[in-house]
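Everything below concerns the one structure shown next.
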Amino acid sequence: MPPQLRSIGQVLTIVKAEFPDVSISKIRFLESEGLLSPERAPSGYRRYSQVDIDRLRYILRVQRDHYLPLKVIREHLDAMDAGQDPPDLDSPAIPAPTQMPPPPPVTAPGDDPTRHSRSPIKLSRRELLQASGLTEAALLELERHLLVVPKRGTNQFGREALTVCVAARKLALYGMDSRHLRAIRQAAEREAGMVEQAVAPFTRRHSDETSQAAAEVVQLILHAHAAMMHIMLDRG
């Protein structure tokens with residue numbers, strides 16, 4: 001008897017009990033990334049075998065339980081396709097999940113913040129997902145609330161977007177979701193308003209002076225913010 005083949009809708013019904021956040025767009029995204037290769041009927045519709053379904057379950061499980069980026073998952077699948085056993089995810093030899101990008105350096109008052117500058121990064125949406133280890137659904141949620149946006153006038157994402165994505169993925173471990181990140185954004189908006197007000201006298205001068213003043217004010221606010229957070233937590 002030939003193996004039973006299922007439609008993408010049937011596959012979604014099968015895996016949704018274990019992975020309630022999965023969607024058809026998510027499955028298609030994994031296919032576009034080359035992680036799934038279902039058969040195609042003459043009509044063009046996808047047809048998934050039990051092997052495909054087991055493969056999908058593995059991908060979703062390591063994403064959910066171990067937060068592995070797609071690049072690492074692809075390496076695991078390649079090894080399995082070569083007849084090897086799935087990698088031991090508890091082994092220290094397995095690459096760690098994507099690490100948090102280093103935060104902007106905190107400079108001491110009077111220090112020159114421009115000397116710590118780092119080259120900007122430009123990521124496509126797909127590269128942002130791979131670099132952050134965030135799921136498609138989670139990124140869509142961040143985008144829906146404008147917590148992650150492309151650089152102005154482009155469709156590419158910068159270092160700040162990557163930082164937010166990795167932070168969102170890791171904060172989810174502590175039960176913090178987009179609602180909490182919206183509160184953080186609102187606080188950042190208020191602080192950005194303070195920065196704009198503080199550097200307003202410099203706007204009539206050279207643009208370099210304005211940028212340097214804004215960078216220094218931002219660093220001082222970060223100093224004060226971090227110190228006050230420690231004070232509040234120490235009271236608990």
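The values are calculated or read from the model by the stated rules, or taken from the named source; none is laboratory data. Just so it is clear, the structure is predicted and the values come from calculations on it, not from any experiment.
Kindly indicate which of 21, 78 is charged (D, E, K, R), at pLDDT below 90 and not in a helix (DSSP H, G or I).
One residue alone meets the criteria, 21.
Considering region 105-136 alone, what residues qualify as being part of a loop (DSSP other than H, G, I, E, B) and at pLDDT 80 or above? Explain how you work it out, then say what you get.
Taking region 105-136 as the starting set, the residues that turn out to be part of a loop (DSSP other than H, G, I, E, B) are 105-112, 117-122, 124, 133-135.
Matches in region 105-136: 121, 122, 124, 133, 134, 135.
Against the condition at pLDDT below 85 and either more than 19 Å from the chain's Cα centre (by Cα) or in a loop (DSSP other than H, G, I, E, B) (or both), how does residue 44 come out, does it pass? Even if it seems obvious, please write down each step before you answer.
On the way: at pLDDT below 85: yes; either more than 19 Å from the chain's Cα centre (by Cα) or in a loop (DSSP other than H, G, I, E, B) (or both): yes.
The answer is yes for residue 44.
Going through region 47-75 one residue at a time, which ones are at pLDDT below 85 and polar (S, T, N, Q)?
Taking region 47-75 as the starting set, the residues that turn out to be at pLDDT below 85 are 63-72.
Matches in region 47-75: 63 only.
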